[in-house]
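Everything below concerns the one structure shown next.
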Amino acid sequence: MREANMVPTRNALSVLLARFSDSGMAKKAMEVYDLIRENYDALPHVVDCNSLLKLLVKRGSWDVASKVYDEMLKREGGADNHSTCIMVNGFCIQGKMEDAKKLIEDRWGVGCIPNVVFYNVLIEGYFRHEKFQKGYDLFREMEKKGFLPTVVSYGILINGFCKKGDFDKVVKIFYEMKSKGVAPNVQVFNNIMDFLCKQRSVRCAKSVLKQMMENNCQPDLITFNTLISGFCRERMAKEAEMFLREAIRRGFSPNEKSYTPLIHGFSIAGEVVKATDLLAEMLERGIRPDLVTFGALIHSLVVVGKVKEALAVKEKMVVIGVALDCQIYNFLIGGLCKKGMLSSAKKLLGEMLSQNILPDEFVYTTLIDGFIRNDNFEEAKKVFQFMEEKGIRGRIVLYNAIIKGYCKNGLMKEAVACYNGLRNNGCNPDEVTFTTLISGFSKQGNLKGALCVLGRMIKGQCKPNVITCSVLMVMYCNRGDTEKTEFMYNYMKLSNLSPNVVTYTILVRCFFKTYNVIKAAEWFETMLSNKCAPNDATFHSLINGLLKCLPIENHAGIGILDLYMQMVADRWDHRAAVYNSIIFTLCRYNMLRNALEFKDHIAGKMFSADCVTFLSLLYGVCVEGRSKEWMDLIEPEFIKVETQIVCKYKMIFDRYICESVSSEVSSVLENLLEESMGSCKPIYQVGGL
């Protein structure tokens, strides 16, 4: 038409303007707008101008939008309520609610009669910019001016106060709208349920769903997705799946927001088969899982050791065109390293590089650590050298891994050189760095080297931790230096560090090693009094130490030694005497569960529970204040005991137990005696002699 010097009609151009605006073609739309103005000294029809205004506001072209709106105002009938409402929304998006409010006031009665829609836009603007009180005040002002709030008005308030976290206000507004005959819609209920789910009140959210349906308001897919996400967040994936099934039953087509939380929920719960089935169902429905969905499943499969299955999921990602990222590769490489499949892990690294996915330091660190754990330090060094050649600067975690490798292989000179290198590269060593070096020197018996590193550590204002102190304690223990070993323990206490099972086990072993049985036993009881449960290493040191140190001339009134030596004097099997002494001592210090676990552990080591075992466990039950439950806690075969032996050892036990516990034990034993006499069946038998 232009080539024929023909100008399209105003109507035709106006339609073209609307088409360009609806298609998001702002530049073309403005060209048509200007063409109409130039050729017809008029503006496009108001409806089509509004389409242009809406696009300009959406694009953030505020100046151009204001220019068009001002031109519309100059023409009679050029702007209507919708035009002004679009501009009000534009001001609100910019956070200029006061300008928007002024615009409404200026336009009042000048060919424009503001209505509740104007106020809704303005109130939403206040809430969007977290000016909650101003938005709420405007809502009340709107009511005073005679405008009746709609379900949209109330919905804006409820959504805003949900985001603020003011649930009391939400409840108040909800019941206010119902009292005024405004029925809540699905969006209102969804906002309330979303808030409750995020507040970890999923049961309340479920009750809102029930109330929603009682109000004849039917849920939509967003409703079910909200509940699915909420329940999965609370690790209630099985219950969450019920909402998926209900959504499908109602004819909704679930989307990725329906399946992703479930796959993640079942994955972190360790139910990887279920998670995999849901992924398959998702694919069958033509829903394309995203990176988050695949990442959750791959991570969980790796955690439970199903690396081959994780690799199969990775192949599915490739098939459907979901690009892998660095984190997915990190999961897989880590899993392969733990399985000892180092060649496959290295192959994945090569695959990453070939696809221009730059591995981060965690990928390299995982691979290096994997090689070191599998005693392939040469490959670990190659990966580290590759990083240095490529100029990839690692963080302290990476350097700690390679230093660990040098120390593990006894290459302390190289380990120290690596330590110096990390400082030159701008990394600051942490407690792991220093502790690894101290451990390396300690294993070589190099006390001077270990103390030199400790000095650097303290000078660098890096506080030694429990592991650091424990490493030094092991070194002193190996040298038979009990004084320095105890010094490190006292240093820990002064430094507000909490000694752990390793710390106490070292002390017990150290004093047994120097045949100081009394101190070893004291440290064991100190451990229990500090509520630190022993482990297998502790028991091993204790059992071997007591058996090797016989005879014990003076046991200084220490409970475990008193009982042990009494049983030895009574000609009990030495090993049975040790086991029973440990069980009673655990029970005495309120560690019944540990005593029962220890008893079960030694059951297959030529030890059968006897009357002293039963009595010890009975004390443990009473120490916990559960004497009425003793039959539920101690196996029935322990009931058969021998009266004289029990009475003798009860007198010994009572030296270390408070009177109230002793009385409870006596009461249980008396009841047992009465029951046996009444049944005319002997329930006592000699055991352990």
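The values are calculated or read from the model by the stated rules, or taken from the named source; none is laboratory data. Fair warning: this is a prediction, and the values are worked out from it, not measured in the lab. No Cβ is skipped: glycine too gets one built from the backbone with ideal geometry, and neighbour counts run over all protein chains shown.
Quick notes on this one:
- Answer residue from region 551-560, given it is modelled with pLDDT under 90 and surrounded by 13 or more Cβ atoms within 10 Å (Cβ to Cβ) and is farthest from N594 (Cα to Cα) among those: I552
- Condition met for V453 (crowded, with 17+ Cβ neighbours inside 10 Å, within 32 Å of the chain's Cα centre (by Cα), among the β-branched types (V, I, T) and at pLDDT 90 or above): no
- Counted residues, region 345-364 - those being β-branched (V, I, T) and either at pLDDT 85 or above or not in a helix (DSSP H, G or I) (or both): 1
- Matching residues in region 196-226 - criterion: being assigned to a helix (DSSP H, G or I) and in contact (Cβ under 8 Å) with a residue 24 or more places away in the chain: L196, C197, K198, V202, A205, M212, L221, I222, T223, F224, N225, T226
- Here S258, S229 are screened, and the one residue that is among the polar types (S, T, N, Q), touching a Phe, Trp or Tyr at 6+ places or on another chain (Cβ under 8 Å) and in a helix (DSSP H, G or I) is S258.
- Restricting attention to region 373-386, the residues that are part of a helix (DSSP H, G or I), under 19 Å from N409 (Cβ atoms) and not charged (D, E, K, R) add up to 5.
- Matching helices (runs of 4 or more DSSP H) fully within region 466-515 where at least 2 residues are farther than 17 Å from C532 by Cβ and among the charged types (D, E, K, R): 482-494
- Residue that is farthest from the chain's Cα centre (by Cα), among those in region 128-150 that are part of a helix (DSSP H, G or I) and surrounded by 22 or more Cβ atoms within 10 Å (Cβ to Cβ): F139
- Cross-chain or 6+ apart pairs with Cβ under 6 Å, region 307-328 first and closer than 14 Å to S344 by Cα, then of a type in the set (S, T, Y) and surrounded by fewer than 18 Cβ atoms within 10 Å (Cβ to Cβ): none
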